[in-house]
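Everything below concerns the one structure shown next.
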Amino acid sequence: MGKRYWEVDALRGIALLLMIFFHTFACMVLFHMIEETPEFLSFYQFYLTSTITFVTLAGVSLILRHARQKGKTSKSYYKSIIIKSAVLFVIALFITLFTWLFSVFALGGGTYIQFGFLHMLSISMFLSIFFLRFGKWNLLIGAVFVIIGVLLMPIIHSPWWLFPIGIHNAEFIVGAMEYFPLLPWFGVLLIGVGLGTLFYPKGVRRFEIRDCGKIGNFLAKIGNGKVTLGVYLAHAPVIMLILWIISLVTGFGYL
């Protein structure tokens, strides 16, 4: 069985905390408790940093997952990726349904998650199967996808139904509560695969690092994959419930 490396889980834990930090402010905007000012938008850097970290570590984890499949065939390894991708995609579809219903009944419609973080991550993990063989060359391949996504996709506005890869118009963005297109984000995941190949070849850490300590251990526990997914799914509804209660009790804020 492959070993878990505390630094990978700890980085994921930090990314999770940054995401919760940003989403708290985003929900406060939704409840009209704070305004979406330029100062507020500056907090987006925390969300961007956490997302880049999450997706990169997902790529690294694909390499570590291979080590945990020791004694099993490559077919079994790919099957495990396909199953996890399918589970995440089904969860993503439920998120689309939930946010659509919330938008219709609470916000008057128009804004919901059509292609969010889990949509992107599930499909990216599945597509990675065809690129894992390239090992460290995924650093270059991923960088090319990132460049295409950042520089080319924003200037292409049709056909609109290609929004999963990054082609969209202004109207789509207005109605997107969250949007993570495959380009550039699939490229970020491939960069993670490349980094995993370099620093954890065959799932073995090739560098020295000190023991995690109490703080590192705490971050590693909340950054464990199964814990992270649960927190990711639960944190936004919990934050909104708390803000709703505050609004009812104090009269501060409204939907």
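The values are calculated or read from the model by the stated rules, or taken from the named source; none is laboratory data. Quantities reported herein were computed from a predicted structural model and do not represent experimental measurements. Glycine gets a Cβ as well: all are built from the backbone with ideal geometry, and neighbour counts include every protein chain shown. Protein only, heavy atoms only, side chains kept; ligands, DNA and RNA dropped before computing areas. Shrake-Rupley method; radii C 1.70, N 1.55, O 1.52, S 1.80 Å.
Observations, loosely collected:
- The amide H of Q114, built 1.01 Å from its N in the peptide plane, has M177, E178 as neighbours under 5 Å, considering only residues 5 or more places off or on other chains.
- Cβ-based net charge around S85, under 13 Å, with every Lys or Arg adding one and every Asp or Glu removing one: +3
- Kirkwood analysis of segment 121-164, using all unique Cα-Cα pairs, places the hydrodynamic radius at 12.0 Å.
- Note: relative contact order over the chain, using C-alpha pairs below 8 Å and six or more positions apart, is 33 percent.
- Exceeding the 29 Å Cα-Cα cut-off - candidates K75/K226; K84/K221; K79/K136; K84/K214: K84/K214
- The apolar share of the surface of the chain, taken as the fraction of accessible area on carbon and sulfur atoms (1.4 Å probe, ligands and nucleic acids excluded), comes to 72 percent.
- Here is how the number arises for the chain: DSSP H runs of 4 or more residues each give -39500 (n - 2.57), the sum is divided by the residue count, and the result at 222 nm is -21500 deg cm²/dmol.
- For segment 144-255: relative contact order, % (alpha-carbon pairs under 8 angstrom, 6 or more apart): 17 percent
- Plainly put, segment 129-255 has a radius of gyration that is 1.10 times its Kirkwood radius, both from alpha-carbon atoms, as the Rg/Rh ratio.
- Overall Cα dimensions of segment 3-141, principal axis frame, Å, largest first: 54, 30, 27
- Take M177: with every protein chain present and a 1.4 Å probe, its accessible area is about 80 Å².
- Spherically averaged projected area of the chain from its Cα convex hull (nm²): 15.2 nm²
- Accessible area, probe 1.4 Å, largest first, for residues C27, C212: C212, C27
- If you take the Cα centroid of segment 75-136 and the Cα centroid of segment 149-199, the two points sit 13 Å apart.
- Trypsin sites (Lys or Arg not before Pro) lying in DSSP loop within segment 50-146, provided at most 15 other Cβ fall within 10 Å: K70, K72
- Geometric extent, Cα atoms of segment 86-141 - Rg, Dmax (angstrom): 15.8, 48
- Principal axis analysis of the Cα atoms in segment 157-213 yields extents of 49, 25, 11 Å, listed in decreasing size.
- Once the 1.4 Å probe is applied to the protein heavy atoms, the chain comes out at 56 Å² accessible per residue.
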